[in-house]
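First comes the structure, then the notes that go with it.
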Amino acid sequence: MNPSADLVNRLWRLCSLLRKDGITYQQYVTELTYLLFLKMTHESGGDGGLPPVSRWPVLIEASDEEKLTVYRSAIAALQTSKEATPIVRKIFAGAATGIRENDNLLRIIEQIDRIGWFSDHQNNFGDIYEGLLERNADEAKRGAGQYFTPRVLVDVLVDLMKPIKGEIIQDPAAGTGGFLTGANRHGRLEGRPCEVSGMENVPDTYRLLLMNLHMHGVSSENVLLGDTLSEDWRSLPPADVILTNPPFGPAGGRPTRTDLAVTGMVTSFALPFVEHCVRSLRPGGRAAIVVPDGILNEEGRGHALRTFLMDECELHTILRLPSGIFYAQSVRTNVLFFNRSRDARSTSEVWVYDLRSDMPAFGKSIPLARSHFAEFEVFYGDRADGSARLIPEDDVRARRFSRAEIASREDNLDITWLSEGLSEVDEATEPHQLIAAAQGYLTQALDQVRGLAEELDQSEAEFIGAFEP
């Protein structure tokens, strides 16, 4: 077992203590991160910009009876003390502990203090958090509500995009910052650190994002709390590289920003986020975006978005990802690789690489590994814009399609020529697996129905508008 996984297992065992204290799952993760932050800051050396009252040794040395009082004072000081750095005050803005029982806090602190935290393998706050989310998904036999990007996939996409010094890397749906820390790490290894920018809409997740960036020594100056599908997006600088896994499913309403000419009437997340990426990419920029199958085959606004993407950018590669790499087994995803050329070049051909068909069902028994992407990385080549492909003659997973061939399919990019083997329903052996698969299929069907309904509403409005004075 790798160090991060072992660490997650140890931390998960502490969850039962806080559940007994009336703490919900999300509160548990947030509460735990407060303590993790103090402990990891202490072990990283120096005071980390923390006021003295908020430092880990002070909490450890407090008497058992005073632990909770000292902890509450520590959280409060992180928000208000002049001795706390601006980024620390920003991270802990509005923070408050929900722990009520002193004995519960005492046991958690004792367990955390026993673990040897700081090493090259364990200093990954995002991995810890995402691992806890995955454990919750396993325990609940359902997804955690958000699809966090596997670290293996993050590393592959970052290495293919090759961010360099002077470039601005953007993740408009930043989550806990996996892509941003990955891009920064890649730049440092190459001796060419890049700048990061991004936006996250969920306050608790944003706090975790800031912690993750801070622990990795990454500036969060251009990483903001806000809604990318609102006018908040104007605070993001134009990007040279976009790396993102935007949320899927219904958004609860249409985007409120005014520049989404193609998807402004859509009430799901995925389509507007793709349009945002196209519009936010600088000429000469490149992007790798994780999207659900619906982006490739939806009619109506989905069709219009694909046409817009291929007209405005050079969509050069689609990677069909294996099933089961996200928490819900039924979530089928792809990666769109595209460039916004300086000479306004549009798409002339698209390569599709099928890494989904004839692949194992990934999960606990078969974890996703970097080796599973090895042949694709060779195929992609050593240029970030995808212009140096190496195409083995016997590689049946790769095929090229001209723009004319795609147009004959009405710009449907959901292209496969290999047998995908068993479906999630066929592979399911447990009731919760059958339920998860059925939920996935129903969600996809509802998204398509919703898209058609929006198209009908828009067509009706345009029809009526044509007769109004």
Picked from region 250-265 (must be farther than 16 Å from Glu231 by Cβ and not β-branched (Val, Ile, Thr)), the residue surrounded by the fewest Cβ atoms within 10 Å (Cβ to Cβ) is Gly252
Top-ranked residue in region 1-13 [being surrounded by fewer than 19 Cβ atoms within 10 Å (Cβ to Cβ) and touching a helix residue (DSSP H, G or I) at 6+ places or on another chain (Cβ under 9 Å); ranked as modelled with the lowest pLDDT]: Met1
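Report whether or not Arg10 is touching an Asp or Glu at 6+ places or on another chain (Cβ under 7 Å), farther than 20 Å from Thr176 by Cα and either part of a helix (DSSP H, G or I) or among the charged types (D, E, K, R) (or both). Step through it out loud before you land on a result.
Numbers: touching an Asp or Glu at 6+ places or on another chain (Cβ under 7 Å): no; farther than 20 Å from Thr176 by Cα: yes; either part of a helix (DSSP H, G or I) or among the charged types (D, E, K, R) (or both): yes.
Considered against the rule, which asks whether it is touching an Asp or Glu at 6+ places or on another chain (Cβ under 7 Å), farther than 20 Å from Thr176 by Cα and either part of a helix (DSSP H, G or I) or among the charged types (D, E, K, R) (or both), Arg10 comes out as no.
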Under 7 Å between Cβ atoms, which residue pairs at least 6 apart in sequence (or on different chains) link something in region 38-55 that is free of Cβ contacts under 8 Å to residues at least 40 places away in the same chain and outside the structural domain of Leu213 (by TED's automatic domain parsing) with a partner that is part of a helix (DSSP H, G or I) and not aliphatic (A, V, I, L, M)? Leu38/Ser54; Leu38/Trp56; His42/Trp56; His42/Pro57; Leu50/Thr41; Val53/Ser73; Arg55/His42
Matching residues, region 46-78, being of a type in the set (Lys, Arg) and under 10 Å from Leu106 (Cα atoms): Lys67
Do the conditions hold for Val241, that is, is it hydrophobic (A, V, I, L, M, F, W, C) and either within 18 Å of His303 (Cβ to Cβ) or assigned to a loop (DSSP other than H, G, I, E, B) (or both)? no
Looking only at residues in region 350-372 that are among the hydroxyl-bearing types (Ser, Thr, Tyr) and either touching a residue at least 40 places away in the same chain (Cβ under 8 Å) or assigned to a loop (DSSP other than H, G, I, E, B) (or both), which one is farthest from Ile406 (Cα to Cα)? Ser365
Across region 329-374, which residue is farthest from the chain's Cα centre (by Cα) among those that are of a type in the set (S, T, N, Q) and buried (at least 19 other Cβ atoms within 10 Å of the Cβ)? Thr347
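Considering region 25-67 alone, what residues qualify as being among the aromatic types (Phe, Trp, Tyr) and modelled with pLDDT under 80?
Residues of region 25-67 among the aromatic types (Phe, Trp, Tyr): 25, 28, 34, 37, 56.
If the condition is that a residue be among the aromatic types (Phe, Trp, Tyr) and modelled with pLDDT under 80, then Tyr25, Tyr28 are the ones that fit.
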Segments classed as helices (runs of 4 or more DSSP H), wholly inside region 373-466, with at least 1 members that are at pLDDT 65 or above, assigned by TED's automatic domain parsing to the domain that holds Leu243 and under 27 Å from Phe338 (Cα atoms): 374-380, 403-408
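The values are calculated or read from the model by the stated rules, or taken from the named source; none is laboratory data. Predicted model only: the values in this text are computed from it and were never measured. Don't worry about glycine lacking a Cβ; one is built from the backbone with ideal geometry, like all the others, and counts go over all protein chains shown.
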